[in-house]
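Take a look at the structure set out below.
No lab work stands behind these numbers, since they all come straight from the coordinates. Bear in mind that the values here come from a model prediction, so they are computed numbers and not experimental data. All Cβ positions, even for glycine, are placed from backbone atoms using ideal geometry, and neighbour counts span all protein chains on display.
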Number of protein chains: 4
Amino acid sequence: MVGYKFMGKAHTHAYRDLPFYFDTDAVPVLQAIAGRDETGVRGAADKWGFASYETDWRRLIERDDIDLIDIVTPNNTHAEIAIAAAKAGKHVLCEKPLAMSLEEARRMQHAVESAGVVHMLCHNYRFAPAVQFAKQLIDSGRLGRIYHMRAQYLQDWIMDPDFPLVWRLRKEVTGSGALGDIAAHILDLARFLVGEFHNVVSTMETFIRNRPLGEMTSGLQADVDVNGATGDVDVDDAAAFLAHFENGALGVFEATRFAAGNRNGNRFEINGEKGSIRWNLEDMNWLEVYLADDEAGLQGFRRINCTEEVHPYAANYWPAGHIIGYEHTFINLFKELMDGIAKGTNPQPNFSDGVKNQAVLEAVELSAATRQWVSVVQ
Amino acid sequence: MVGYKFMGKAHTHAYRDLPFYFDTDAVPVLQAIAGRDETGVRGAADKWGFASYETDWRRLIERDDIDLIDIVTPNNTHAEIAIAAAKAGKHVLCEKPLAMSLEEARRMQHAVESAGVVHMLCHNYRFAPAVQFAKQLIDSGRLGRIYHMRAQYLQDWIMDPDFPLVWRLRKEVTGSGALGDIAAHILDLARFLVGEFHNVVSTMETFIRNRPLGEMTSGLQADVDVNGATGDVDVDDAAAFLAHFENGALGVFEATRFAAGNRNGNRFEINGEKGSIRWNLEDMNWLEVYLADDEAGLQGFRRINCTEEVHPYAANYWPAGHIIGYEHTFINLFKELMDGIAKGTNPQPNFSDGVKNQAVLEAVELSAATRQWVSVVQ
Amino acid sequence: MVGYKFMGKAHTHAYRDLPFYFDTDAVPVLQAIAGRDETGVRGAADKWGFASYETDWRRLIERDDIDLIDIVTPNNTHAEIAIAAAKAGKHVLCEKPLAMSLEEARRMQHAVESAGVVHMLCHNYRFAPAVQFAKQLIDSGRLGRIYHMRAQYLQDWIMDPDFPLVWRLRKEVTGSGALGDIAAHILDLARFLVGEFHNVVSTMETFIRNRPLGEMTSGLQADVDVNGATGDVDVDDAAAFLAHFENGALGVFEATRFAAGNRNGNRFEINGEKGSIRWNLEDMNWLEVYLADDEAGLQGFRRINCTEEVHPYAANYWPAGHIIGYEHTFINLFKELMDGIAKGTNPQPNFSDGVKNQAVLEAVELSAATRQWVSVVQ
Amino acid sequence: MVGYKFMGKAHTHAYRDLPFYFDTDAVPVLQAIAGRDETGVRGAADKWGFASYETDWRRLIERDDIDLIDIVTPNNTHAEIAIAAAKAGKHVLCEKPLAMSLEEARRMQHAVESAGVVHMLCHNYRFAPAVQFAKQLIDSGRLGRIYHMRAQYLQDWIMDPDFPLVWRLRKEVTGSGALGDIAAHILDLARFLVGEFHNVVSTMETFIRNRPLGEMTSGLQADVDVNGATGDVDVDDAAAFLAHFENGALGVFEATRFAAGNRNGNRFEINGEKGSIRWNLEDMNWLEVYLADDEAGLQGFRRINCTEEVHPYAANYWPAGHIIGYEHTFINLFKELMDGIAKGTNPQPNFSDGVKNQAVLEAVELSAATRQWVSVVQ
């Protein structure tokens, strides 16, 4: 694994916990972790149970005892690492967004496909059982033709103007702000559930344009630079876009870090000819489902706790009504990754999805810049 | 109408508004209102549009132009007025609880039945469309055998120790506290939806035992006596009881005026062999319904907005999704009252229900006093 | 009153019910109702208690006993009636949207202002107590600078392809579809709560392009033409738009009649520097409020039942926790109208708001046609 | 660990996952697991990562490499194992309910206290961060004097009359039905949050009195005996009781396995002089809090996602808004157990709590049998 902050913690936990819940033919072994700061990476290795550590990720790629490279570093490093890993014949898991640009994403896709390695993109929210169940409902036609998807990813962790200019707010490192970080999740869910995007029109806003310097500590916390220096924010605090899907559905999307009171409000509603569904990450075990063919008088959204044996992945955890949490979305994704590695199949979402997602992100950025509708490159 | 405070307002409004929504063969005319305080009753007559007023309710009963006596006075006056009205051949509507004792209630029932007049008891919450719809579901067997009902009526309007000793807190006037005022509503709903009570065991609590003197002004507000005098509270602040129904269902009931944050939380859940329902007065347009024969994976409580044409009374109001409120429960009840008067039928809930409700109230009081299970007299 | 369908019913009820709840110096009298079909209008007059009827609205305007003209006819008739009424010195209340075009709206505004009559536009949802309370919170600075508003008006009453081509689906009569009918409400709420629009980019969709002929019966129901004839739908089934407000806030709006399970889902969330609010018409008594200065650990959206004495209009109805419904939004608006007439003031929303709303509607339509961002004309 | 079914899985997972999240001085090592069926226990050892297994729990107690005995067997075996373990100087963790009788519980308490070992009782729901936070609020006086607690534990997993007579339905093995299994949880929460019980009055019901023979497989699933034999159910399907607490609060409790649609509905509301709280296991990350001293107009239940750094245990998991699940309640409890072992302190809930809980359970059973109020032995 390359990187050891918030996502490093989430991934490491999932590797450790996976074998308890799932029997997979490939079983993860925490062989090595890499990071530039020796003190930091050694501490992470000790704390999380990695057998060894490296201060240069290239060393990981050279090692024969490593089969899978997991990239949880800032976005501007994904491409170099992933391509090198693929060339070395390593399977690759990469955090989202895949790349800094569509061109970079394509190079990454080409690298993994040429190398014939298994590759996945870590859009973990696809793997909430409720979301997987939503996918089953849509694919089986229970909602009929899809007319609408509206999705928001609402957070509030940088609303304080004194929150510092961490890497997630600097374009050269992160590419974009709310767009690549959280809008990326909802557009991936949109592609997963509704289909491919046709075109978009967008706006991107930066409400606080100057902040103290400083860096992330853990989770979504940060320390401010002690010298009082400040810098300009060059990424978006919020992004919103309208979209048409290839299948004619209409999409309305919004991602922001300025929605007070919404700590992690990733929510969507999809309306189809025969029914509708609603989901919210903060209540991630529940799916609300409306079926238009319910008898008159008894029509209403059902609040379904997706913890039953029939719900995806749920049988591997606890009896009905015993909920799971954020970390389980990673475990479920890693289950697919292990199966992919063991069976040589190519699970989703993978770098191909990363390219398609990047095409949407790039269209959104271009639309914000040109103030035009922009077609999404297929 | 006799009385002109909170309930007087609710009833008067319903008489005025009823003809707009419902075509009934009998149509209410606001002929006269009675109250002891001439200034007060004249003001009410003027404000609410009564054609005349009386300072002695006996005058109402003597008048030939009065067909229906509506009793919205404190509980200790119900019997005398209702019996006199019945003897004079007037139809009678009475606020709940019907009487101060089971014996009194029976005399009232005897009076109206002997006189052959139409009589109703104003348990308006039966007439929320969602509750009527719940009744239809249960009667049609959609929930199967009923195992459980749990109901709470939670309020908080007298939690302040400085709230005065108004008539609703004095036993000689009101009979009991939370029990007769609000537990009466949930046990009436229980009888309506589940069936007759077999036996009960209860406890009744008074948390604040001494209060300033004072009286209700409007709504549930009150003024404190200026002289600083205080008095003892001799009714219950809260009452709770377990119950067995005749049909074997188990009931758990609780009413309190000491549930901070619950302004008017009248809520119940009923569990049957084939499904469950939930309702809450503060969200009175919604009924939550669980049907056990829903297909696996799609089982969950449906939140149904009971404003569709198929829902009871709803077609007379607004299109689906346009909610109604508290006052409409009275309008719906009065619709039944007018139909009863026009057709000579005996709508429910009536004085017979009042007697049965009073039997439950009396059993609850007796149980609290004797600390025994008490059978409900049929 | 001119017109006697769904809105006619809502307005008539409010005129009748207003004096019960509010003491206004001007008191509505149901003097006359006009409609082209004599049978229909006579029936409405009888049923709703109008003293007389006319089959030509021009007769209403000629009559000396009429002070206020209330226009509840299809949108293509608003201008002619309103202008004639104003010229005759009548006060005017008009249903929304004000006009078929911005130019028409301006002529209407000019007419009423020149005539010096009182004029209001019937955006009744401003008058839910929870919405008025939201306005107070925002105006008092409790939310600080506003960053975001997202609002949806979701319905599903025309999703059946066999639902006929009623007047609300024909451009020559209605001007637009979901846009003018329901998006108009949410953009009016946006102007009320957040401020004036700067520019918009939009898309408008028609999912079902051909329908049987037929007409509205009552409420949102309709009968299909018996001959099986069909016609093309030339208005939008759904409209979505992004917006910048003059004050820098970002708006995301969506209105559709194709959101299965949403009978009347008019909902919004506003995020400010110091807090957020959420509201939903189907639960219209509740306002959810998040205050960022709540102490750590105790931060969360409060669900407030806006039925307390301190909430706007609420003291005139019932005690806390006793909810009101759809019809009360009209009563509250009419209270302001009567006060305006009595005092000669100009209550809001009025024709000036109608013009500004129309400017937004026109910008949205233009943007959908030109696929450009369009500035809203001030 | 002794036992390897549903609770065995939950405990094992917590031992494995604990070190990832918490740095404890004592760290669990999965040394050995015991069970009578060699195939079964060997499978569990392999699957869950125990270093060894035994087919007789007595062997565990003899082994020097075992410091802690964790008892997850049916209730009728708890006492013998725990007492033997304590005598051998092993620390003991025991599943709830502690014992089959108050007398047995006392012998167990005596054994662990005489031996000076660390002992805990596995009431894991105390360790939801929201519940711990509720405890902090109450202890700090934020709710003032407590007037009410109402709690329900509602399940529906045995409603099918064909569900077999598993060990959890046989008195000789389990002691009681819903009472010891799930009412035990809510009365433990009551003791934790409100205080000691004074007296109770109860009823216990068995709705389905005869069932096919059969046994639990995994989770809450079961297989029916193939021969079609049946047996009588001699435990309660539901139990309800009223209670007075030592501090004067009034309790209303209900536990049932016949509440259709409630998979795991463990929920409570506590009302105090200055505020109220509500919690529900199925939404276990949320705590609803009402504070009576909030300013007028802004009073309402706040829905708090207890995932902030300031919430108990939450900082060790994920950033705010990233929820945890059922299994984390065990991890948090085990964190306290490890600290207790490392520091020689006696964490709660322990066998002393087990005795007090058992006294309540026994009073409830006695009350149901005698139909009297029963004082809880202290």
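Observations
- Shielding score for D:8-14, defined as the mean number of other chain Cβ atoms within 10 Å: 2
- Using the Cβ-Cβ distance between B:Asp293 and B:Glu196 with R0 set to 30 Å, the FRET efficiency from 1/(1 + (r/R0)^6) comes to roughly 0.60.
- About the Cα centre, charge dipole magnitude for the stretch B:132-200 (Lys/Arg +1, Asp/Glu -1 at Cβ), debye: 360
- Axis proximity, chain C to B: residue whose C-beta lies nearest, plus whole-Å distance: C:Gly325, 2
- Close amide H partners of D:Asp225, meaning residues 5 or more places away or on another chain with modelled amide H under 5 Å apart, are D:Leu213, D:Gly214, D:Glu215.
- With label points set 7 Å from Cα along Cα→Cβ, the inter-copy distances at A:Glu246 are 4.5, 6.6, 6.9 nm, sorted shortest first.
- The modelled label-to-label distance for the pair B:Lys343/A:Arg63, using points 7 Å beyond Cα in the direction of Cβ, is 8.4 nm.
- Looking at the stretch B:178-267, the GluC sites (Glu not before Pro) that sit in a DSSP loop and have at most 13 other Cβ atoms within 10 Å of their own Cβ are B:Glu246.
- Of every Cα-Cα pair in chain D, the percent that sits beyond 35 Å: 24
- Just checking the listed ones, A:Phe20, A:Phe241, A:Phe301: in the Gaussian network model of chain A with Cα springs under 10 Å, the one fluctuating most is A:Phe20.
- Selected from A:Arg63, A:Arg170, A:Arg142 as most flexible by GNM, with chain A as the system and alpha-carbon contacts under 10 Å: A:Arg63
- Largest-first principal axis extents of the Cα set of the protein assembly as shown (Å): 98, 81, 66
- Teacher prompt: B:Thr77 distances to equivalent labels in other copies, 7 Å Cα→Cβ, nm: 5.1, 7.1, 8.2
- Fraction in percent of alpha-carbon pairs per bin - 5 Å, the stretch B:1-57: 4, 21, 31, 22, 12, 7, 3, 0
- Residue-span extension gain [A:Glu309 to A:Asp37] - 0.36 nm each, minus C-alpha spacing: 93.5 nm
- Cα centroid separation, the stretch A:200-275 to the stretch A:53-100: 27 Å.
- For the stretch C:6-125, alpha-carbon Rg and Dmax in angstrom: 13.9, 39
- Calculated FRET efficiency for the pair A:Leu213/A:Arg107, C-beta based, R₀ 30 Å, to 0.05: 0.40
- Flagged links, alpha-carbon separation over 29 Å, of A:Lys96/A:Lys135; A:Lys9/A:Lys90; A:Lys47/D:Lys135: A:Lys47/D:Lys135
- The order of B:Asp70, B:Asp181, going from fewest to most other C-beta atoms within 10 Å of their C-beta, is B:Asp181, B:Asp70.
- The stretch B:142-251, Rg to Rh (Cα coordinates; Rh as Kirkwood inverse mean 1/r): 1.09
- Counting only DSSP beta bridges whose two residues both lie in the protein assembly as shown, roughly 70 percent are antiparallel.
- Partner chain coverage, peptide C:192-205 - average Cβ within 10 angstrom: 2
- Listed residues D:Gly297, D:Gly144, D:Gly175, most fluctuating in chain D (Gaussian network, C-alpha, under 10 Å): D:Gly297
- Per-pair calculated FRET efficiency, R0 = 35 Å: D:Ser375 and B:Asp234 via Cβ, rounded to 0.05: 0.85
- Shape of the stretch B:257-378, Cα gyration tensor, a/c cut at 1.5: oblate
- For the stretch A:1-150: relative contact order, % (alpha-carbon pairs under 8 angstrom, 6 or more apart): 17
- Neighbour-limited loop hits for GluC sites (Glu not before Pro), the stretch C:271-352 (at most 12 other Cβ within 10 Å; DSSP other than H, G, I, E, B): C:Glu295
- With the label put 7 angstrom out from Cα along the Cα-to-Cβ vector, D:Val310 ends up 2.1, 4.4, 4.9 nm from the copy partners, going from closest to farthest.
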